[in-house]
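Working notes, beginning with the structure itself.
Any read-out appearing in this document is the output of simple, stated calculations on the displayed coordinates, not a laboratory observation. If you're wondering where the values come from, they're calculated on a predicted model, not measured in any experiment. Methodologically, a virtual Cβ is constructed for each residue, glycine included, from the backbone with ideal geometry; neighbour enumeration extends over all protein chains shown.
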Amino acid sequence: LFKNNLSVDRESIFYLNTYGSLYSIDQKKFNINWFINLNSSINLNLSNLFSGSNIVNYDDKLLLSANQFFYTINSKSGSVIYKKNFSSNIKPLVINNYVFLVTKDNFLISMNLTNGEIIYSYNLDKKISEFGKTNSKKIEVKNIFIADNKLFIFLKNSHVIKLNLKGEIIEIFK
């Protein structure tokens, strides 16, 4: 279940609510700088709440998933830099101007933050079955981290997938 989301930078507070409205609020004056509606649905009843991810602030850009799309938004103006046709329930990671995220359909995606170019997109269910030489099973991703230039994907079944930044599995452990 999505909850309201806050993020801050030097000048602004960014607030994403459960109806899909993203606000930029001036930290000193508490005026609204801009707002944008990321919820394309006109059905605003409580049983149809908005689905989104945590906001990531990086270099005057906001990165977030909203319903079925992934957005990169200019944090100063609120303009959409690009919108991709996938989404994630997990907070995306940024390192050296590259975004790493796991989509709702279990695709590991690496993307160039500057131009939105997708570097790779791998089906994690398939990659894990090929690595372990087993039948493909649907995984449930809990979180994703970067440490020592390696990606670590934590699964809800307590397993951890260790990958290099090119998306190749190094090991799976518990």
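Of note:
- Debye equation applied to the C-alpha atoms of the chain, log10 I(q)/I(0) at 0.11, 0.12, 0.17 Å⁻¹: -0.49, -0.58, -1.05
- Computed over the Cα atoms of the range 85-164, the ratio of the radius of gyration to the Kirkwood radius (Rg/Rh) comes to 0.95.
- Prolate/oblate/rounded label for the range 51-122 (Cα gyration tensor, a/c 1.5): oblate
- Expected 222 nm ellipticity per residue - DSSP helices of 4 or more, -39500 (n - 2.57), all of the chain, to 500: -1500 deg cm²/dmol
- 11 Å beta-carbon shell around Leu101, net charge (K/R +1, D/E -1): +3
- Selected from Phe100, Tyr122, Tyr23, residue furthest toward positive end of dipole (the chain; charges at beta carbon): Tyr122
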